Amino acid sequence: MKYWRKRIVYMMAIMLSAGGIAGNMGSEIVLAEEKETVKGRYAEQKLSLPEENCKAVIDICFLENGTMRIAYRDSEAKLKTADSRDQGKSWETPRDLWEEFGKSEKAEPMTVNLSKDGGIFSSWNCLEGENTFLAVYLSAEGNKKEFDLTQMPEGQGYVYKSQFSPSGNILLMGDKFLCEISREDGRLIRTYESGGYVTDFGIAGNQLLVFADDTIHYYNAKTGDPLPEETVFTEHLQMESGENTEEVVSSRVFTGMGEQGILYVSKKGIYVYNLGGSVVEQLLSEGYLTGISSKTELMDVETDADGNIYLAVSDRYSDNPTGMLLKYGYDKEQEAVPGTELDIYMLKRDTHMEQMISLFQKEYPDISVTVQEGMTGEDGVTATDAMKNLNTEIMSGEGPDVLLMDGLDAENYIERGMLEDISGIMEKAGILENIQDAYEEEDGSIYCMPVRFGIPILAGGSEEIDNAVDLEKIADMTEKYENQYSDSFFPAYQIKWPGVMLRFFGEISAPEWMKKDGTLDEKKVKDFFQQVNRIYQAGQKAGNASLDSTYEYAEKMERIYDKNRREESSLNSYLVPCADGQALFSYGYLFSLEELFLLTTIEKQNSDISHRLLNGQAENCFSPEMIMGISVKAREKEAAKLFVSFLFSEEQQKNNKEAGFPVRKSVYDSEEYWEFGQEGNIEYGFSSTYNGESHDMITVVHSADDQIKEIQKLGKTLTMPSGGSRIIQDSVLEAGKRYLYGKTDLDQAVEQAVSQVKLYLAE
């Protein structure tokens, strides 16, 4: 019974030209056996924009004469509109709204909406003056009307979303209200929602759908009268988002489709629901494989008279955030599903890998990708359960083609002959010598390789961290300050939850836990428990009540850390308290140049702060990110090799800069990569209060050349992958938690860890 496995099938719904990398890899795709062809699918097309480097497309509208009009921010983030009479193939001269609205840099636009009759509405947050929140309506004839928004329901004037109503007036949504105002004079016509948490709204025909308090409320958009509620749509959203409906409704856009239909787009795909119907139909499955992904922000969706769908998205997580305008048209002659199906396994969902899968799909539309997620967090499946079932499937020839090895026992897989030799792919890629040496066998074979890597860093008082050369010395340092600092030497959330502490320090210690004979080193494990407990106990003594937490809450925080490990373990997450004076020291992985810039900016502001490589029990560790392997029994071996080659290509190694440093030597050594962000500064905003004082925004500046070269050189000295087997880690850390919580003594904890690891190795 394959209860453990969640299959996410990325059904191809795009048709883009393949080229580029395909021609450079020298690989041909071996297609699966010919199958009966099913035709008909929505095809994605990326449309041109009026200007290069548009920051975002905000609104899409088809005017009464059929002209497509968009509102967007240009390369300088100024508001403009532009018209296209050929569905986005070409654009007329843009119109500068900034000047027409009469606003300066002292005002910030909150929303912009286009009307079919040519009118334009915008709400503004004025940074100076008495009328903080204003609205401006420009008629098609160019007449401007301005009105005050400070008298909105609930005393709120900030508008998160606005839209023209069927009667031509303006719907305004704030955090806890939804109301309708006149576009002629701004007077309040009616209030639909007030007091509850309003997430979103949309219009289908003359019906208004409001997402409030995790439920869809229905209204007559012309009279304002409430309509009977329907459960089908609400239940669909709740099922899609799991326990958190807000996760979906806050990252989704929709529009009317006919008189009774509602078309909506989420990160999961494109759907349509006919009011009064019994099902929500999916038109385009799994949005990762299109311009929709976990890395994009959905801005607006619209349809034309021919039923084509237009979607505005913002690629805000890229190195240079830009807006995109996507068109989806139904092509009855295109194959519904490509013939070659590549099966990829992840123990846990990885958004960065999903983004690269999306890019791969666009590059190779003749391959459909299926992703197996071993631990969804929804079915109680443990890492042990997932891996046992994965092993069974691989050995039976029914397993995946490609494995994301993060958390898997790579050595065990190699010993059992379950992985394909990928040394040929790595030779063409040209991997950093220190990274390749860590994964290369004595005979020169390579069975897995990380796509990127992170550097563990300890930051804080220069005099102290110079001596904090390993886990024992870090414990010495923390005990020294347990009675000398009013709050905490580390940020509270770094020492507050034993499971999180053990997980982090376990990663940079685990390489030392196994003896050469393949058994657990009891002395090393005992020392690990002792040193981490010293840090934890010192934190409890140095802290105040804010450090105390229930066991249940600590377990919850551990699950959050585990689910979002890369983000939660990032040095960037913990540096602010150090810069803010709330902590003397901080630790975490350095994954990106932006994090390096933040670190060196803080050091420049406070000369007492510096950094060094963080060692646990192991030395010179690096954090391997997205470790890739190919199953020796892969059904689509050529497609698998093509995918792995794609991940290590020069183009892809330059992307995803926030997920770790590149392992491809040509990219890592390039001046282009390390010059990222040099032309402008980055602002990190944070809000905190300490000792009754508010602390302001840090403006992050580019690191000096010598600081960049220092980190670049440091990355080449790291020789030991952190982490290792997830099952062995879990066995040790579970016993360690019981010890730190006082539920067992030290010797018993070590005995429990040894017993669990023996049991696993015996299997």
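General observations
- Residues of segment 694-726 classified as part of a helix (DSSP H, G or I), in contact with a Leu (Cβ under 9 Å, 6 or more places away or on another chain) and modelled with pLDDT under 90, total: 1
- Selection of first residues in segment 412-424 that are in the same structural domain as Lys388 (by TED's automatic domain parsing) and farther than 18 Å from Gly724 by Cα and of second residues that are crowded, with 22+ Cβ neighbours inside 10 Å and of a type in the set (Ser, Thr, Tyr), restricted to Cβ pairs under 7 Å at least 6 apart or on distinct chains, gives the following pairs, ordered by first then second residue: Glu420/Ser631; Asp421/Tyr447; Ile422/Tyr447.
- Residues satisfying the stated conditions in segment 77-91, i.e. free of Cβ contacts under 8 Å to residues at least 40 places away in the same chain and either surrounded by fewer than 13 Cβ atoms within 10 Å (Cβ to Cβ) or not aliphatic (A, V, I, L, M) (or both): Ala77, Lys78, Lys80, Thr81, Asp83, Ser84, Arg85, Asp86
- Filtering segment 381-408 to residues that are assigned to a loop (DSSP other than H, G, I, E, B) and either under 17 Å from Ile344 (Cα atoms) or in contact with a Lys or Arg (Cβ under 6 Å, 6 or more places away or on another chain) (or both) leaves Ser396, Gly397, Glu398, Gly399, Pro400, Asp401, Met405, Asp406, Gly407, Leu408.
- Of the strands (runs of 3 or more DSSP E) lying entirely inside segment 146-242, those carrying at least 2 residues that are under 22 Å from Ile120 (Cα atoms) and at pLDDT 90 or above are 161-164, 170-173, 177-181, 188-194.
- From the options Ser610, Ser573, residue that is modelled with pLDDT of 90 or more, surrounded by fewer than 22 Cβ atoms within 10 Å (Cβ to Cβ) and not assigned by TED's automatic domain parsing to the domain that holds Gln436: Ser610
- If you check Ile465, Ile422, Ile431 for being buried (at least 22 other Cβ atoms within 10 Å of the Cβ), β-branched (Val, Ile, Thr) and farther than 20 Å from Ala640 by Cβ, only one passes: Ile465.
- The criterion of at least 3 residues that are over 23 Å from Glu603 (Cα atoms) and at pLDDT below 95 is met, among helices (runs of 4 or more DSSP H) falling completely within segment 416-480, by 471-480.
- Number of the condition not met by Met387 [criteria: (1) crowded, with 18+ Cβ neighbours inside 10 Å; (2) not assigned by TED's automatic domain parsing to the domain that holds Phe648]: (2)
- Test: residue in segment 314-322 that is touching a Gly at 6+ places or on another chain (Cβ under 8 Å), at pLDDT 75 or above and not small (Gly, Ala, Ser): no
The values are calculated or read from the model by the stated rules, or taken from the named source; none is laboratory data. What you see is a predicted model; the values in this text were computed from it and never measured. Cβ atoms come from the backbone with ideal geometry, glycine included; neighbour counts cover every protein chain shown.
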